[in-house]
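For reference, the structure is listed below as structure tokens.
The values are calculated or read from the model by the stated rules, or taken from the named source; none is laboratory data. Just so it is clear, the structure is predicted and the values come from calculations on it, not from any experiment. Note that we place each Cβ from the backbone using ideal geometry, even for glycine, and neighbour counts take in every protein chain shown. SASA here: full protein model, heavy atoms, side chains in, ligands and nucleic acids out. Shrake-Rupley method; radii C 1.70, N 1.55, O 1.52, S 1.80 Å.
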Amino acid sequence: MHEPVMTSVSHKHKIIYHYLPKSASSTARHAMFDHLEGKDYALPFDTKMNLVTTHNYTMISFIREPLTRFYSSSYDEAFYRMGPWMGEGEIVRNQPNLRLHYQSMKHKIDKYPYLYEGMKEINDFRKMYCPKEVLDTGVFMSCDDHDSIDDGSLLKRFEQFVHDYDGIEPFDVHLNMQTTNLVYETGKPLPMSALYNASDAEKEWQEVASQKGVTIPDGAMKHGRHQSRRFDVSKVSEVTQQKICQLLALDYCCLNFKLPEVCDDVGLYFALEQMEGKRMWKKDDSLNVVIRPWEQHP
């Protein structure tokens with residue numbers, strides 16, 4: 001039996017929004033709640049499939065340029081969510097489930113000991129990117145409104161992580177590829193009706209709503225979590241950017257995103273290869289090929 005997954009559904013307008021982390025998901029939830037009378041439900045795969053195929057619901061999601069999304073997910077979410085402050089301290093004092101999750105996943109980050117070197121508490125991390133005058137106010141959320149003061153330490157850790165990371169065992173859900181979030185764990189695809197680009201989420205949601213006879217006024221979609229990066233993205237080396245492109249090649253291929261210019265000459269390409277036999281299609285009409293995410297040209 002398939003495990004339920006949190007999903008936003010508007011039964012009135014027959015829309016299902018499938019959450020995809022770090023791809024305008026905060027904006028999407030507000031669009032569903034504020035304008036399309038949606039609610040969150042824990043729905044198993046079979047229920048969503050039935051709503052789409054039998055009851056004519058529309059299932060949509062938003063996707064984001066993979067390199068930009070990786071910058072956002074790696075430190076802004078995954079790094080924060082798996083720091084040592086999640087094992088004990090103020091953040092998890094009354095959050096036993098968060099502590100248990102950290103303990104169950106900690107072995108995945110132990111292979112990257114440099115990530116949290118010199119850090120024990122959340123303030124050790126904040127001091128590396130947030131201006132002192134902002135920290136002194138005690139309003140820590142305001143740190144997101146200011147440019148990072150990182151002296152290069154966080155950037156160095158990030159680049160070392162990318163160098164060492166093989167993409168096979170992400171230590172947090174925010175490091176998962178978008179493509180793998182659009183299929184069930186068996187590999188069966190979700191019954192998506194349409195994918196929209198998160199880079200213009202307001203316009204796209206206005207289009208979705210108009211198809212249901214709902215008008216979302218200009219400027220009404222200001223709920224996205226815009227925040228400064230923890231390190232200066234403009235200083236990320238070309239080698240690191242190229243490695244990220246390789247790690248995310250499946251997203252670039254399957255979601256039809258153009259490779260960044262910096263990745264044009266790294267020999268990155270995609271190919272469908274037959275798994276066995278000479279026929280592309282097997283007798284049961286299933287595709288007898290596998291996608292090779294990336295390779296280097298000889």
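Full extension of the chain segment joining Asp34 with Ser142 gains 36.3 nm, where the gain is 0.36 nm per residue of separation less the Cα-Cα distance. Computed in the context of the full set of protein chains, the accessible area of segment 66-112 at 1.4 Å probe radius has 48% of its extent on carbon or sulfur. Surface exposure of segment 156-256, expressed per residue as accessible area with a 1.4 Å probe, stands at 53 Å². Highest mean first, the peptides 63-72, 236-245, 139-148 sorted by other C-beta atoms within 10 Å per residue fall in the order 63-72, 236-245, 139-148.
What the Cα atoms of segment 147-228 give is an Rg and a Dmax of 18.4, 51 Å. For the pair Leu100 and Lys120, the difference between a 0.36 nm per residue extended length and the Cα-Cα distance amounts to 5.4 nm. For segment 173-223, GluC sites (Glu not before Pro) are listed when DSSP marks them as loop and at most 13 other Cβ atoms sit within 10 Å of their Cβ; the list is Glu185. Among the listed pairs Lys108/Lys203; Lys48/Lys243; Lys106/Lys188, those with a Cα-Cα distance over 32 Å are Lys108/Lys203; Lys48/Lys243. Placing +1 on each Lys and Arg Cβ and -1 on each Asp and Glu Cβ, with no other charges, gives segment 170-241 a dipole about its Cα centre of roughly 160 debye.
Modelled this way, with points 7 Å down the Cα-to-C-beta line, the labels at Ser193 and Ser26 are 2.7 nm from one another.
The residues of segment 1-151 expose on average 51 square angstrom of accessible surface per residue, using a 1.4 Å probe on protein heavy atoms. At full extension, Glu185 and His163 could sit 5.2 nm farther apart than now, given 0.36 nm per residue minus the alpha carbon distance.
Each Lys and Arg adds +1 at its Cβ and each Asp and Glu adds -1 at its Cβ; summed about the Cα centre, segment 34-133 shows a dipole of about 280 debye.
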